[in-house]
Every structure is written in C-alpha cells, then in structure tokens.
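For reference, the structure discussed in these notes is given below.
The values are calculated or read from the model by the stated rules, or taken from the named source; none is laboratory data. This is a predicted model, so every value here is computed, not measured. Positions of Cβ are backbone-derived with ideal geometry, glycine not excepted, and every protein chain shown enters the neighbour counts. Ligands, DNA and RNA are excluded from the accessible area calculation, which covers all protein heavy atoms including side chains. Shrake-Rupley method; radii C 1.70, N 1.55, O 1.52, S 1.80 Å.
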Amino acid sequence: MSAFSKAVAAHKTAVQREYEWYNLRPILGHANWAMFYLLLGGREAGKSYSVTNFFVDQYKNKGIPFTWLRLTEAASRKLLQNNAEKLVDPDLRRKYNLDLVTSGNNVYEVTKRSEPDINGKTKILEKKLMARVYAISTFYNDKGSIFDKDFLNDPNMRYNIAIDEFQREEGEKNTFDIVYSLVNQLENLVRSTKQRTKIFFLGNTLEESSDILCAFNFIPETWGIYKLKKKRAVIHFIEPTEAYKQRRKGTIADILLPTASTFTNAIKTDDTLITKRRLKEPTAIIKFKKDQSTWYTIWDSNIIRKYNGEKCKHIYAMRPYLDETFSIDIQKNIITLFDTRSFLFSNLITFKNFQKDLSLLKPRQ
C-alpha cells in the first residue's frame, strides 16, 4: 500500500471513529441561546462520555466544577463509590491526569500529595472541587444547602449540569414524579439563574417514559436536531450510525433484545388514540393534584385535553384532599376507561401526561 493510500485509509478510519461515537459539536455550535440540551440515543452511543469529556475539559481548563444528577439515591451513590470510579471514564482520567477522591456528595481532584511514607501511603495536601453528585428523588434533603449565591460573581464561572438516564427503565418502580423532583432539585442548585447555564438531559429511550419531553411540550417522531427557542431547548434525537450498528451487531443485546428501543433508539409511537375531531362541549374535569397542570377536561365523545379554564358541573378528584368530593369508584372507573382504551386524546403530549399522572396514583382498595 502506498503512502497516499495509507493516508486515505487512516482518514477514513478517523472519520468512522468520529461518527461511531456521539459528538456534542452539532448542538453546541449553533445553540448559544439554549439552556437545555436533550440527547436521546441508544445505549453505548457515547452521550454520557461526550458530556463528561466536555465537563472535565471545562473544569481542567477553566476551573468550572460540574454537577451530575441521577434519578435515585442508589444510582447516585454508585457514581461516588471507589472515589467516583463510575463518574469519569478510565481513559478520561488518564487523558486529564485525574487523581480523585470523594467526600459526601463532592468529588475532588487531588492537586498535591505528600511523599509516600514507609508503607507507600501518601496524605492529601491540596484538593479542588471538581464535581457534585446528587439524586433528584431526595431533593427535599438538599434545600438551602447546595446553592452558592456567590458562584457566578466570577465572570468565568458557569453552571454545567447533567441529568443522566432521566427516564425510568421498563419495570423500574414509579415512586415519585420525575419532573416535579427534577425542577425542585434544579431550583436548589441554580435558583433564579437564567444565563451561563447548560443543562444536559441524557436518555436512552422515548418509548416508555416521556415525562421530561412532555414538560417541554415536544416529542420528536423522527431523527434529527430540534430547536425549541421558546423553551431555550435543543433536542437531538440521535440516529444510529452504520459504525454504531456494526459495533452493536452480534452483541448480547442484539441477539436477545434486537428491537428494544434502549438499543435501537427507534420509537414506536401509538397514535391510535389521538384525534383531531372537533370539540363541542366539555362534560367533566379530572383533577390529579391541586396544581392545574395536572387537570384535564373530558369533552364529548370521551375526548381528553389539557384543562384550559373550562367550567364543568362534574369534577372528578383522583385523590382525596383536593377540596373536591373523592370517590374510589370514580377513580377506578377512570382507570378502567383508560386501560380499555375508551378515552381519546387531543394530542400525544396530553396522552403521555395523562398516562404519567395515572401511573403515579396509588389506587385504594
């Protein structure tokens, strides 16, 4: 092979490698107005790796610490075990020459150690905060304790935050409202901050849990980059590359679960209950909580849409203590109507939100 041919082959290999793993450039390059970046792709696409690399690079070169969030305490503890072994990939530790230790929710880079003693042990003389790791499910434990009002006084500082695996896995217990808990934890972290903030959402699948996407009032149906300027959000629904497909071909997941969306990143959207039928008259209001964002209006022909100030004679409380009459029989009847696909919905977002609010109920016997 000639030198030219070798150079061409090397170039092709480099291009393949670049596109085999996810790169943040497509969404960071044109989104200086954005605060939220949602990366939706199959497992092992490189989403978490690319964000971790970006965060660590910002820390090493600009001194900016970052925050990593997981859904539950158990998941966040795993990241902190063995001096944050699971937080930063081994090759990134080598690349940035990181010596890490943990204390509570904090991850520190050791910048200076003592000389080894006769047993080869050293003492930490200097360390610097690199990251913090929290769960969103226990946001109430962190109120008032993790916000630093002076953090942004330094013009070089910014908030870099990641919410990893922000969707529940199929079969995972549904014990708390993800959106409510996440918003409260972000409030704990940044309060009223509107600028110099990048918040990354990293998800494997859209099929089972779309709580966060419903909060942005947008669910992508095809691969691509979507810019929601009113929401200050960029969503990248990542199409698996040929290099990714080849790497995944023949793996355990490919053999045993070849169609699972967590690996294929393909959505199977059920839109059979979505109707554009003209609405005539509201007949009842369904309330899940006192918050009006969890209210829905039933219209003629059992069509459900988000509550928009309608006045109805009938109000169905799905929980007690909502300042409305609560009936177990009515609660069960609405659940049965949903389960038997007797309701229609004005759009997919309403369907997903209604499904989520139902799933958070604890039906009484």
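Observations
- Subset of region 109-147 [hydroxyl-bearing (Ser, Thr, Tyr), modelled with pLDDT under 90 and open to solvent by 40 Å² or more (accessible area, probe 1.4 Å)]: TYR140, SER145
- Whichever residue in region 174-189 is among the hydroxyl-bearing types (Ser, Thr, Tyr) and open to solvent by 30 Å² or more (accessible area, probe 1.4 Å) and, among such residues, is nearest to the chain's Cα centre (by Cα): TYR180
- Residue that is farthest from HIS314 (Cα to Cα), among those in region 327-365 that are in contact with a strand residue (DSSP E or B) (Cβ under 9 Å, 6 or more places away or on another chain) and β-branched (Val, Ile, Thr): ILE349
- Scanning region 79-111 for residues that are more than 16 Å from ALA162 (Cα to Cα) and either within 18 Å of the chain's Cα centre (by Cα) or charged (D, E, K, R) (or both) yields a total of 7.
- When residues of region 37-69 are limited to those that are of a type in the set (Lys, Arg) and surrounded by fewer than 23 Cβ atoms within 10 Å (Cβ to Cβ), the one farthest from GLU109 (Cα to Cα): ARG43
- Taken residue by residue, region 137-145 has at least one member that is hydroxyl-bearing (Ser, Thr, Tyr) and either assigned to a strand (DSSP E or B) or touching a residue at least 60 places away in the same chain (Cβ under 8 Å) (or both).
Yes/no per residue for (1) assigned to a loop (DSSP other than H, G, I, E, B); (2) modelled with pLDDT under 90; (3) of a type in the set (Val, Ile, Thr); (4) over 13 Å from ASP142 (Cβ atoms):
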| residue | (1), (2), (3), (4) |
| --- | --- |
| PHE166 | yes, yes, no, yes |
| GLU169 | yes, yes, no, yes |
| LEU186 | no, no, no, no |
| SER192 | yes, yes, no, yes |
| LYS198 | no, no, no, yes |
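- Test for ASN106: is it of a type outside the set (Val, Ile, Thr), open to solvent by 30 Å² or more (accessible area, probe 1.4 Å), modelled with pLDDT of 90 or more and closer than 23 Å to MET157 by Cβ: yes
- Just one of (1) over 17 Å from GLN58 (Cα atoms); (2) in a helix (DSSP H, G or I); (3) not β-branched (Val, Ile, Thr) fails for ARG94. It is (1).
- Test: LEU273 is open to solvent by 30 Å² or more (accessible area, probe 1.4 Å) and more than 22 Å from ILE178 (Cα to Cα): no
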